[in-house]
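Report on the following structure.
Every read-out reported here was derived from the displayed coordinates using simple, explicitly stated rules and does not represent laboratory data. Predicted model only: the values in this text are computed from it and were never measured. Quick reminder, even Gly has a Cβ in these numbers, built from the backbone with ideal geometry, and neighbours come from all protein chains shown.
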Amino acid sequence: MNTHVNAGRRLDNLSVGRFHRRLAVLVGVGMFCDSFDNTLSAGVLASVLDTGFSTLKLNSLFLSVTFAGLAIGASFAGWLSDRFGRAFAFQFSLALFGILALCAAMAPSMEVLIALRGAMSIGMGAEYVICYGMITEFIPPGRRGRYLGLLGIFGGIGVSLSSILGWVVIPVWSWRGMFVIGGVGALIAWWLRRGMPESPQWLESRGRYEEAEAVIRRIERESGVASGEINSTPVAYEKDEEAEWVPITVLFSRPVIRRTMMALILTVTCLFGSYVVTGWIPTFFVEQGMTVSKSLGFNAAIMSGYVAGPLLCLFIVDRLGRRRSIMMFGTLAAVFAGIYPFMTVSALVIAVGFILVATVASFLTLGLGTTPEFFPTAFRFRGGGFSQTVGRVGLIASPFVVLWLFSRFGVLGVILAVSGMYVVVTLLNAVAGVDTSREALEQIAPESHLDDVPEEPGTPHDPKSLSESSVAARSPSSNG
């Protein structure tokens, strides 16, 4: 009997059609809600402090709990997605932070608000992982860079709109209005996504062949494949038998460890770099003698690069290839971060800052978006989730790292440290980049029928990994 749906290959061979565009919008709406809720804290914390609802100490705890929740959510998303499916995890995480956002709007005390924010952040952290992973599994690789850029634009708009609405809403309806907007928006997105299909690649990896075949045929029809081109002959599959669960220790097994380390380095760099550049620029301006109002004005102009960078990805990433694009944006981020502290003329401060933010945002989008490609279907989301967990745990300690660098070496020391990180990760990608070709992933997949991500333009094969025996690579000892 047939046990091959070939879901990955069939998805990759489709032309982008109505299904893919609808999927991208629905995933993007989730990313927008996530970014909006994640960044509303600036206006909310200023308001609760001004009204006496909170204190500086409690505000700091609010931020720490948010970072911790994001890290837990990233880890939780990987396990939930690989165990129970992408669609279930996708909807669960969005519903979690949507409902809790509405609860947060009614918090009777700052302590209760902090507790709700921690639980809410678990859903937000999970959503980040799942959104990038969904693009990896559904969008054909030849167009994946374009749709990762689109996802980054949704996220950038969420960040910008959160600031604008905070300026308008908080004075009228208080900080509670921001949580109402975020919660209602998330639940609307949840309702719109209720019919999203399960990933046929995941279904196939779990031995659910008939369900996988039904989903892939639906996608083919919605993507414009004529009914006559779809084989209508009934296919006999062996009785569905859930595949053996691959433990997370596979991430540290010999065939996979290099991929795990590269994913960690890439994720830590893109998260830390984005945090420093977008979170500390106003502080650096004030430290250099600007007034607060002028600093915020400069920052608003510069932060528009957070949308412009992913917009650029729409047009160039699929032509260059994702790996080459990461190297290009990493190089540009290192260069502009290195020269930024030396800008003194206002026009150059804004122009160079804008380009720096745009390249950092592009690197963030591609870094988080391509790490799921490093891993086969069976543990893809746990690989991406583990990387984001480590990166977000690092963000918990990052304020102390930045303050130490700032007190010892000033603004120059902080920015040059970030520049150095981009240099290192770019060189690693150039010298020891991870092979994301279909053949390489099959070598480390626990299922012999895996059909996964085909080679993108410009991605070299790893001769060593391709020469290894697939039998050995699939043995229990190889998979940890």
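Tabulated data for the structure shown
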| item | result |
| --- | --- |
| Highest average packing first - 68-79, 364-375, Cβ atoms within 10 Å | 364-375, 68-79 |
| At R0 = 25 Å, FRET efficiency that the Cβ-Cβ distance of Ala115 and Thr51 yields, to 0.05 | 0.80 |
| FRET E, pair Ser407, Phe84, Förster distance 51 Å, beta-carbon r, rounded to 0.05 | 0.65 |
| Global form of the stretch 314-382, assessed from the alpha-carbon gyration tensor, a/c cut-off 1.5 | prolate |
| Inter-probe distance in nm under a simple model that places probes 7 Å from Cα toward Cβ, at Ala432 and Ile396 | 2.7 nm |
| Point-to-point label distance, Arg319-Ser346, nm (Cα→Cβ direction, 7 Å offset) | 3.6 nm |
| Sequence ranges 148-160, 181-193, ranked by mean other-Cβ count within 10 angstrom, highest first | 148-160, 181-193 |
| Unit charges on C-beta of K, R, D, E only; dipole of the stretch 84-178, Debye | 260 debye |
